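Novice: Please find one structure pasted underneath; my questions will follow.
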Amino acid sequence: MEIDLSPKLVKKVYGGDGGSYHAWSPSELPMLREGNIGAAKLSLRKNGFALPRYSDSSKVAYVLQGSGVAGIVLPESEEKVVAIKKGDALALPFGVVTWWYNKEETELIVLFLGDTSKAHKAGEFTDFFLTGSNGIFTGFSAEFVGRAWDLEESDVKTLVGKQLGKGVVQLDGSITLPEPKPEHRIGMALNCEEAPLDVDIKGGGRVVVLNTKNLPLVGDVGLGADLVKLDGGAMCSPGFSCDSALQVTYIIRGSGRVQVVGVDGHRVLETTIKAGNLFIVPRFFVVSKIADPEGMEWFSIITTPNPIFTHLAGSSSVWKALSPSVLQAAFNVDSGVEQLFRSKRTSDAIFFPPPN
């Protein structure tokens, strides 16, 4: 049975005055379940506070909008308080406890993409909250909590029952949360908008790749990622992941067209993609995108920490590596057509500016 690859928008799961949490559902985007991928967004208004939680999945977080603070506690480690802003990527391995806070007027929006292969539900993140109306200690009896924390039953009821919010709350300003420390960013976050470019093609596009070299924690997460900015009318070369990785793409800005080709040369997706869309390219399927006049920007994860791609256009493509006689035989053409084909796209670019 063919799987629907159509891009989908996110839907709200819960929220309140402080903000909201949204997720893509595998029932609407089946490739999430097939690929064991989770995808969600957290939105925090001013003074919005995402209560401390841990997840059943490793993730990459990417700040789409705004600025704020993230509290991160790795297993058996001290809390790191990290200042975050638009363009920041953070790797969140299994077992990490996080909280998120926005004290600014601009809404803070964070995208989460991750691996659900060990999750309770394939294609979905499950968060376990330390506090709140659905916090894990609401499920224990006062006796168990009291003995664990060495507290009287009355104090247990106050601690466990006072926070009525669920997941995201709004603080009234009476509590001052920890200030971020610059040294805590080291090794925890990378700003993709300020990092050195891995690819820069004039009139074509730019890429920053997130891997174990510039953010070692992605090795623990088991995911790689990239931020791509495609100029207006430019094309991203047809290509595929040659190490059996899935590509999960979220469109940040702009719009364009995408085509995906799968087994036996069947075009399995041809559609327009726009800001807010999420879509997934199956293993070994070939994908190409062309931006609309305003350009297009996207953030992707790849289900390996150091992905390898094969491109099917440009001087570094597999076509240029094959012998001329092999191409003649494969295409069933004469040497003149083969030479014409080989003479085109002589640069090693993966982005092609629009035709003159």
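Novice: Could you state the per residue volume, in Å³, of the convex hull enclosing the Cα atoms of segment 200-352? Mind dumping the intermediate values first?
Specialist: Values: hull volume 18.3 nm³, N = 153.
Considering the Cα atoms of segment 200-352, their hull volume per residue is 120 Å³.
Novice: With the radius of gyration and the Kirkwood radius both derived from the Cα set of segment 85-222, what is their ratio Rg to Rh? Intermediate results must be reported in sequence, preceding the final value.
Specialist: Working: Rg = 19.8 Å, Rh = 18.8 Å.
When Rh is taken as the Kirkwood radius, the ratio is 1.06.
Novice: Ok, one more. For segment 161-200 and segment 7-67, what is the separation of their C-alpha centers, rounded to whole Å?
Specialist: Each part reduced to its Cα centre gives a spacing of 15 Å.
Novice: Using the C-alpha atoms of segment 18-131, what convex hull volume per residue, in cubic angstrom, is computed? Before the final figure, lay out the partial values.
Specialist: Values: hull volume 11.0 nm³, N = 114.
Convex hull volume per residue, Cα atoms: 97 Å³.
Novice: Find, to one decimal place in angstroms, the Kirkwood hydrodynamic radius of segment 220-276, where the mean of 1/r is taken over every pair of different Cα atoms and then inverted. Please report the intermediate quantities before stating the final value.
Specialist: Values: mean 1/r = 0.0743 Å⁻¹.
Computed over Cα pairs of segment 220-276, the Kirkwood hydrodynamic radius comes out at 13.5 Å.
Novice: If you rank Ile186, Ile3 by how much accessible surface each has, with a 1.4 Å probe, what is the order from largest down?
Specialist: Values: Ile186 135, Ile3 65 Å².
Largest accessible area first, the residues go Ile186, Ile3.
Novice: May I ask for the Rg/Rh ratio of the chain, computed from Cα atoms with Rh as the Kirkwood radius, given to two decimals? Don't jump to the answer; show the numbers that get you there.
Specialist: Values: Rg = 23.1 Å, Rh = 22.1 Å.
Taking Rh as the inverse mean 1/r over Cα pairs, Rg/Rh reads 1.05.
Novice: Hey, got the dipole for segment 177-314? About the Cα centre, +1 on K and R Cβ, -1 on D and E Cβ, debye to the nearest 20? Don't skip to the answer; put the middle values down first.
Specialist: Details: 12 positive and 15 negative charges, 41 e Å.
Magnitude of the dipole: close to 200 debye.
Novice: Further, regarding this structure: From the C-alpha gyration tensor of segment 160-231, pull out the three semi-axes of the equivalent ellipsoid (sqrt of 5λ each), sorted largest to smallest, in whole Å. Working shown, then result.
Specialist: Values: eigenvalues 256, 52, 40 Å².
Its equivalent ellipsoid spans semi-axes of 36, 16, 14 Å.
Novice: Let me ask something else. Could you sort Arg345, Arg206 by their accessible area in this structure, using a 1.4 Å probe and putting the largest first?
Specialist: Details: Arg345 120, Arg206 65 Å².
Sorted descending by solvent-accessible area, the residues read Arg345, Arg206.
Novice: Find the all-direction average of the projected area of the Cα convex hull for segment 77-120, expressing the result in square nanometres with one decimal place.
Specialist: Values: hull surface 17.0 nm².
Value for segment 77-120: 4.3 nm².
Novice: A follow-up question, please. To two decimal places, what compactness ratio does segment 240-317 give when its Cα radius of gyration is scaled by 2.2 N^0.38 Å?
Specialist: On the way: Rg = 12.6 Å, N = 78, 2.2 N^0.38 = 11.5 Å.
So segment 240-317 has a normalised radius of gyration of 1.09.
Novice: Within 10 Å, count the other beta carbons around each residue, average over each peptide in 89-96, 254-261, 142-149, and list them highest first. List each step's numbers first, then the result.
Specialist: Working: 89-96: 21.2, 254-261: 19.0, 142-149: 13.9.
Highest-to-lowest ranking by the protection proxy: 89-96, 254-261, 142-149.
Novice: Note down the accessible area of Thr271, probe 1.4 Å, to the nearest 10 Å².
Specialist: That residue has around 40 Å² of solvent-accessible surface.
Novice: Working from the alpha-carbon coordinates of segment 51-99, get Rg over Rh, Rh being the Kirkwood radius. Don't jump to the answer; show the numbers that get you there.
Specialist: Working: Rg = 10.6 Å, Rh = 11.2 Å.
Across segment 51-99, the Cα-based Rg/Rh ratio is 0.95.
Novice: In addition: Might you work out the accessible area of Asp155 for me, using a 1.4 Å probe with all protein chains in place, and round it to the nearest 10 Å²?
Specialist: 70 Å²
Novice: May I pose another question? Restricting to Cα pairs below 8 Å that are 6+ residues apart, what does the relative contact order work out to for the chain? Please round to a whole percent. Provide the component values of the computation, followed by the final result.
Specialist: Details: 905 pairs, mean separation 59.0, N = 356.
Reported as a whole number, the value is 17 percent.
Novice: Looking at Leu171, Gln247, Gly146, which one has the Cα that reaches farthest to the positive end of the dipole of segment 127-270 (charges on Cβ: Lys, Arg +1; Asp, Glu -1)?
Specialist: The residue sitting farthest along the positive end of the dipole is Gln247.
The values are calculated or read from the model by the stated rules, or taken from the named source; none is laboratory data. Since we're looking at a predicted model, the values are computed, not measured. Cβ: placed from backbone, ideal geometry, glycine included. Neighbour counts: every protein chain shown. Heads up: the accessible areas ignore ligands, DNA and RNA and are worked out on the full protein's heavy atoms, side chains in. Shrake-Rupley method; radii C 1.70, N 1.55, O 1.52, S 1.80 Å.
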